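Chemist: Structure below; questions to follow.
The values are calculated or read from the model by the stated rules, or taken from the named source; none is laboratory data. The structure displayed is predicted, hence computed values, not measured ones. Note: ideal-geometry Cβ built from the backbone for every residue, glycine included; neighbour counts use all protein chains shown.
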Amino acid sequence: MPQEWVDDELKGAEALAYRLDLDVYGTKCGYFSNVENCRPATACVVDMYIDDKANLPWNNKARYASMYGRKSNAFLRSPVS
C-alpha cells in the first residue's frame, strides 16, 4: 500500500481495504435493453485487518465459518435419477 494512503489516526485496526468483489452475485444481463449485454454483478467489500491480540469487546474464542462469496449450488443435493 502506498505510504500516502496510510492514516496514522487509525486506531485498533492494522489496515482497512475497500474493494469490489466480482465473483459473488453472478452475472447480470439486460443492460441498455440488450439481453446479450452482460457484466459481473459487483459487491462492495471492506476488509479489516485486526491483530488477534487487540483488546476488543467482541474478541472471544468463538469462531464462525463465513459463507460470504460461496455459491449456494455447493450446498444443494444432486438430483435423484
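Chemist: Only one of these is more than 25 Å from residue 20 (Cβ to Cβ), of a type in the set (Gly, Ala, Ser) and either in a loop (DSSP other than H, G, I, E, B) or modelled with pLDDT under 70 (or both): 54, 65, 74. Name it.
Modeler: Of 54, 65, 74, the one residue that is more than 25 Å from residue 20 (Cβ to Cβ), of a type in the set (Gly, Ala, Ser) and either in a loop (DSSP other than H, G, I, E, B) or modelled with pLDDT under 70 (or both) is 54.
Chemist: While we're on this one: Looking only at residues that are closer than 27 Å to residue 4 by Cα and hydrophobic (A, V, I, L, M, F, W, C) in segment 48-62, which one is farthest from the chain's Cα centre (by Cα)?
Modeler: Only one residue tops the list, namely 54.
Chemist: On to the next question. What tally of residues in segment 12-47 results from selecting those that are assigned to a strand (DSSP E or B), of a type in the set (Gly, Ala, Ser) and within 19 Å of residue 2 (Cα to Cα)? So that I can check it myself, show each step before the final result.
Modeler: Of segment 12-47, the ones assigned to a strand (DSSP E or B) are 15-21, 27-29, 38-40, 43-47.
Remaining after also requiring of a type in the set (Gly, Ala, Ser): 15, 17, 43.
Right, trim to within 19 Å of residue 2 (Cα to Cα) and you get 15, 17.
Of the residues in segment 12-47, 2 are assigned to a strand (DSSP E or B), of a type in the set (Gly, Ala, Ser) and within 19 Å of residue 2 (Cα to Cα).
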